[in-house]
């Protein structure tokens with residue numbers, strides 16, 4: 001069953017979320033033409049080590065265990081890209097997805113960064129994807145039905161001429177990275193059968209993935225990296241968000257003055 005979190009527990013998750021935010025800022029400072037994707041992963045690992053945080057992605061089970069602390073996905077790679085010797089080029093985009101556990105509590109976030117100067121349609125892809133996430137967060141209030149939010153997110157993306165990926169969804173999060181609640185970014189007969197109403201104490205990782213072309217993806221021979229079937233580019237943004245009586249609280253966002 002889904003476990004609702006207390007204010008104290010949400011506060012502990014916020015501590016993990018701030019570490020994830022700091023790791024993303026370390027990546028932001030590094031992203032530029034000529035950088036290898038392994039360098040981004042190493043920067044994240046260094047932040048986690050600094051705080052004694054456990055990386056959530058390294059060693060995740062699969063046909064082969066996931067080898068790194070972050071997923072680094074470039075251009076047509078949608079998600080689960082394995083960092084390697086690939087060099088970023090001017091005009092690329094790179095999606096970095098990572099999470100950590102601190103004192104038993106988890107946080108998870110993803111950002112797609114432009115590398116140098118990107119084409120206008122690529123910039124628009126990033127803006128629309130981030131906009132869909134921000135739209136959802138603003139509506140994460142107690143009593144709201146998730147399917148209504150997901151339907152509007154999907155409509156925003158499709159009206160912009162893009163496609164919402166349906167092969168993956170967000171998730172509840174707490175002591176484990178993936179807890180028992182799927183948080184889709186789209187609405188279908190299948191998702192409606194698992195719909196839910198937002199309640200105070202829910203903590204959800206919301207993560208729209210948006211393609212410039214078709215919504216379908218396929219996995220590469222490394223058993224992890226998911227790419228678009230048509231080779232067109234994809235963006236991915238994610239935050240861990242707590243539903244509270246006072247409104248949504250972004251746990252993987254930047255520090256706030258006088259934050260409790």
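Just so you know, all these numbers are worked out from the coordinates, no wet-lab data involved. Predicted model, so just to flag it, every value in this text is computed and none were measured. Note: ideal-geometry Cβ built from the backbone for every residue, glycine included; neighbour counts use all protein chains shown.
What the table below lists for this structure:
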item	result
Additional length obtainable on full extension of the chain from residue 8 to residue 58, 0.36 nm per residue less Cα span	15.2 nm
Cα-Cα separations in region 1-110 greater than 25 Å, expressed as whole percent	24 percent
The chain, relative contact order [Cα under 8 Å, separation at least 6], %	23 percent
Rg to Rh, two decimals, where region 173-260 supplies the alpha carbon set and Rh follows Kirkwood	1.04
Over region 145-216 - Rg/Rh using Cα atoms and the Kirkwood inverse-distance radius	0.98
Fully extended contour minus Cα-Cα distance, from residue 258 to residue 15, at 0.36 nm per residue	86.0 nm
Exposure proxy ranking, count of Cβ atoms within 10 Å, fewest first, for 86, 14, 123	123, 86, 14
Which of 241, 173, 137, 256 has the fewest Cβ neighbours within 10 Å, and the rest in rising order	256, 137, 241, 173
Region 77-181 - convex hull of the alpha-carbon atoms, volume per residue in Å³	136 Å³
Contour excess over end-to-end distance, with Cα ends at residue 222 and residue 138 and 0.36 nm allotted per residue	26.5 nm
Cα Rg, Dmax, the chain, angstrom units	17.2, 48
Residues residue 195 and residue 51, FRET efficiency given R0 of 30 Å [Cβ-Cβ distance, rounded to 0.05]	0.25
